[in-house]
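First up is the structure itself, then whatever we jot down about it.
The values are calculated or read from the model by the stated rules, or taken from the named source; none is laboratory data. Quick caveat, the model's predicted, so the values are computed rather than measured. Cβ atoms come from the backbone with ideal geometry, glycine included; neighbour counts cover every protein chain shown. Accessible surface areas use protein heavy atoms only, side chains included; no ligands, DNA or RNA. Shrake-Rupley method; radii C 1.70, N 1.55, O 1.52, S 1.80 Å.
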Amino acid sequence: MKPADDPCTDYRALVRTSYDQLASAYAESRVGEAHPELEWLLTRLDDGSSVLDIGCGAGVPVTELLAKRFAVTGVDVSEEMLRLARANVPRASFFQSDITSVEFDDSTFDAAVAFFSLFHIPREDQPRLFHRIRDWLKPGGYLMCTLSLVSETGYTEDGFFGEKMYWSNYGLAEYEEMLTGIGFRMLRTTIITHGISEATYASLEQHPLVLARRD
């Protein structure tokens, strides 16, 4: 781990470029089935509901499962990931962008999901992003996302599927305070693993998965 404190480095560009390079290897490493906890969300949505998938990657397995019942919009910073996603999940709509600069009308989506993506965004930008997600959701809409257990300032690691990667996050307690403070009600929280095949990435990494509802 190295502190991400170089003023000459564009860490957002680093994330985009690295995921372009590792897209195929990462997609192949994903486990074949979505986390069973996704049912917490599926049982609360009607068929045809609109769902935003933030950091959708190659579309498997989460986007693929969602698109079987819902109208899914996937957003990812990596164009190579989206090339795979369009092939894997032709029923969904995809576009390339940094989620912090996307514009959607208020009350567009019934739900938003973000699996293993928010921690690539500088944490100082995350509170505003949660505000925007809240606005994009319809009243009563749901947010399901993976977060982090402990607070960590920005850092990079070499060797993430052969590439350098950037991470930045708050801890779970800070996220819960952040979400409830802007009008989300926490419904369920659990701990899940990273969703990558152990044969590829054997770390015992753990992440909180939360389901929240916009009041």
Within region 100-112, is even one residue out of contact with any Asp or Glu (no Cβ under 8 Å at 6 or more places or on another chain), among the acidic types (Asp, Glu) and assigned to a loop (DSSP other than H, G, I, E, B)?
yes
Restricting to strands (runs of 3 or more DSSP E) lying wholly in region 141-200: which have 3 or more residues that are surrounded by fewer than 18 Cβ atoms within 10 Å (Cβ to Cβ) and more than 16 Å from the chain's Cα centre (by Cα)?
152-160, 184-193
Examine region 85-101 for a residue that is open to solvent by less than 20 Å² (accessible area, probe 1.4 Å) and over 14 Å from Ile54 (Cβ atoms), and state whether such a residue exists.
yes
If only one of Arg69, Arg83, Arg44, Arg16 is within 26 Å of Val210 (Cα to Cα), in a helix (DSSP H, G or I) and of a type in the set (Lys, Arg), which one is it?
Arg16
Can you tell me which residues in region 159-190 are among the hydrophobic types (A, V, I, L, M, F, W, C) and either touching an Asp or Glu at 6+ places or on another chain (Cβ under 8 Å) or modelled with pLDDT of 95 or more (or both)?
Met165, Trp167, Leu172, Ala173, Met178, Leu179, Ile182, Phe184, Met186, Leu187
Please list, ordered by first then second residue, the pairs with beta carbon atoms under 6 Å, 6 or more apart or interchain, first in region 95-114 and in contact (Cβ under 8 Å) with a residue 12 or more places away in the chain and within 20 Å of Leu65 (Cβ to Cβ), second surrounded by 13 or more Cβ atoms within 10 Å (Cβ to Cβ) and of a type in the set (Phe, Trp, Tyr).
Phe109/Trp136; Ala111/Tyr142
Kindly evaluate Gly57 against the criterion of being in a strand (DSSP E or B) and either in contact with a helix residue (DSSP H, G or I) (Cβ under 9 Å, 6 or more places away or on another chain) or within 27 Å of Ala13 (Cα to Cα) (or both).
no
Report yes if some residue within region 19-28 is of a type outside the set (Lys, Arg) and assigned to a loop (DSSP other than H, G, I, E, B); otherwise report no.
no
